[in-house]
Amino acid sequence: MSIIKNRIIIPISIIAFLCCASSATFAQTTRARSAKKMRAAADQSSKAARVFNQIMDTREKSIPRELLDRAEAVAVFPGVLKGGFIVGGRGGSGVISRRVANGWSAPAFFDLGGGSIGLQIGVASTDYILLFMNERAVDSLLNDKFEIGGEGSAAAGPVGRSASASTDVKLNAQILSYSRSKGAFAGLELKGVVIKPDNDDNMQVYGMGARDILTGPDKIAMDKMPEGVRVFPQTLSRYSTRK
């Protein structure tokens with residue numbers, strides 16, 4: 001049997017072959033895209049772990065352990081780009097893990113973006129670390145988008161020995177923010193910055209969105225996480241684990 005279209009006779013067998021070939025190509029493309037996402041996820045987790053290690057290994061200027069022990073979640077956004085003249089913008093991506101029994105959850109993937117006004121000339125790459133100090137801060141984070149300085153009150157986190165003078169900060173701030181600038185740049189405040197889940201990546205890596213990763217009743221156990229992303233919660237556990 002054949003189909004006549006524009007006076008060209010196309011055998012059914014050829015049509016079937018083309019359909020099969022198209023399906024195979026689509027499947028290969030999907031697998032390749034998934035593998036690429038997994039590699040990117042592992043790279044993002046590795047970068048975040050490396051930044052956190054470097055910060056904590058600088059003894060006199062590290063995040064005070066007493067504050068880290070109080071945090072309910074930790075976010076690391078490595079290499080966030082910020083630049084412009086008068087009106088600037090930020091853009092980057094990172095990971096967030098929430099505290100669980102005897103460790104930290106699988107890292108959920110988030111994007112960070114937003115604008116700022118001020119005297120800004122040039123481009124800088126900055127690493128950001130955010131401590132979410134209570135359940136309310138974590139819950140707000142899991143909305144479609146979370147604006148620092150909007151829904152959540154934030155304060156510059158104290159470092160090293162200055163933590164002893166930070167009682168009010170510890171008690172009142174929902175978020176403590178830290179930054180490490182890799183270039184000469186001014187105005188690293190985070191007011192107006194928006195954090196939102198990258199659920200395209202989360203679905204590709206875990207098959208679930210950020211809310212389920214961080215708040216679901218069945219947290220992903222360490223041995224069930226993709227091997228490439230384990231490095232971030234393992235790194236957090238080096239510095240803070242509640243019994």
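The values are calculated or read from the model by the stated rules, or taken from the named source; none is laboratory data. Because the structure is predicted, anything quoted here is derived from the model rather than measured. Glycine also receives a Cβ, built like all others from the backbone with ideal geometry; neighbour counts cover every protein chain displayed. Surface areas here come from the heavy atoms of the whole protein model, side chains and all, with no ligands, DNA or RNA. Shrake-Rupley method; radii C 1.70, N 1.55, O 1.52, S 1.80 Å.
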Among (1) within 16 Å of Pro78 (Cα to Cα); (2) at pLDDT 85 or above; (3) open to solvent by less than 40 Å² (accessible area, probe 1.4 Å), the one test that Val231 misses: (3)
Failed condition for Asp111, given (1) modelled with pLDDT under 85; (2) open to solvent by 10 Å² or more (accessible area, probe 1.4 Å); (3) of a type in the set (D, E, K, R): (1)
The range 189-222, subset under 16 Å from Leu141 (Cβ atoms), at pLDDT 90 or above and small (Gly, Ala, Ser), residue farthest from the chain's Cα centre (by Cα): Gly209
Any hit, the range 127-140, residues being at pLDDT 90 or above, in a strand (DSSP E or B), under 20 Å from Gln204 (Cβ atoms) and touching a strand residue (DSSP E or B) at 6+ places or on another chain (Cβ under 7 Å): no
Matching residues, the range 50-64, being part of a helix (DSSP H, G or I) and either open to solvent by 20 Å² or more (accessible area, probe 1.4 Å) or charged (D, E, K, R) (or both): Arg50, Asn53, Gln54, Ile55, Arg59, Glu60, Lys61
Test: residue in the range 146-167 that is at pLDDT 80 or above, surrounded by fewer than 19 Cβ atoms within 10 Å (Cβ to Cβ) and under 17 Å from the mean Cα position of the chain (by Cα): yes
Leu68 vs. criteria at pLDDT 90 or above and either among the basic types (Lys, Arg) or under 25 Å from Asp223 (Cβ atoms) (or both): yes
Answer residue from the range 65-81, given it is outside any helix (DSSP H, G or I) and open to solvent by 10 Å² or more (accessible area, probe 1.4 Å) and is nearest to Trp104 (Cα to Cα) among those: Glu72
